[in-house]
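Data block below; observations after.
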Ligand code: I3P
C-alpha cells in the first residue's frame with residue numbers, strides 16, 4: 001500500500017525525478033526552460049519540489065522543503081508531446097487554467113508509468 005504522509009493530504013501514487021518545463025501560463029506561451037524536479041502524484045494533484053539533495057524514496061517525501069508548486073489535475077488534458085520537443089519520452093499536459101507542462105525521462109518505462117498514472121487520476125476525476 002502507498003504511504004500516507006503527514007504533510008500531503010492524499011495517498012502518494014507515484015514519485016520520482018523528472019525533467020520538467022512549463023510551456024504556457026494561463027494560455028500564454030512561455031519560453032521553455034528545462035529543469036529537474038522531484039515530482040509526486042498524490043490525490044488530485046501533481047506536486048513539484050526542487051530537485052532535492054537527498055530524496056527519501058520510501059515515503060515519496062523529498063529530503064527538504066515545501067513544494068515549489070502543484071497542479072490540480074481535474075479537467076486536465078494529457079497527451080504525448082510528439083511535436084513539442086526534440087526530446088524522447090515527453091508527456092504534455094494542460095490544466096483547466098491553461099497552464100501547460102512537459103515532463104520527460106530518458107527511461108521509457110518510467111515515463112510510461114507516469115503517463116498511465118496521471119491518466120488514471122484525470123479519468124477518475126472526470127467520473128466524479
Ligand atoms: C530552447 C532549448 C530547449 C528546446 C527549445 C529551444 O532554446 O534548446 O531545450 O526544447 O526548443 O527553443 P533556448 O535555450 O534558447 O530557449 P527541447 O529540448 O524540448 O527540444 P523549441 O523552441 O523547439 O521548443
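Bear in mind these aren't lab numbers, they're just calculated from the coordinates by the rules spelled out. Quick caveat: nothing in here was measured; it's all calculated off a predicted structure. Methodologically, a virtual Cβ is constructed for each residue, glycine included, from the backbone with ideal geometry; neighbour enumeration extends over all protein chains shown.
Structure summary
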{"item": "For peptides 13-19, 99-105, 78-84, sequence by mean Cβ density within 10 Å, most packed first", "result": "99-105, 13-19, 78-84"}
{"item": "Burial order of peptide ranges 28-36, 87-95 (average beta-carbon count within 10 Å, highest first)", "result": "87-95, 28-36"}
{"item": "Contour excess over end-to-end distance, with Cα ends at residue 31 and residue 80 and 0.36 nm allotted per residue", "result": "15.7 nm"}
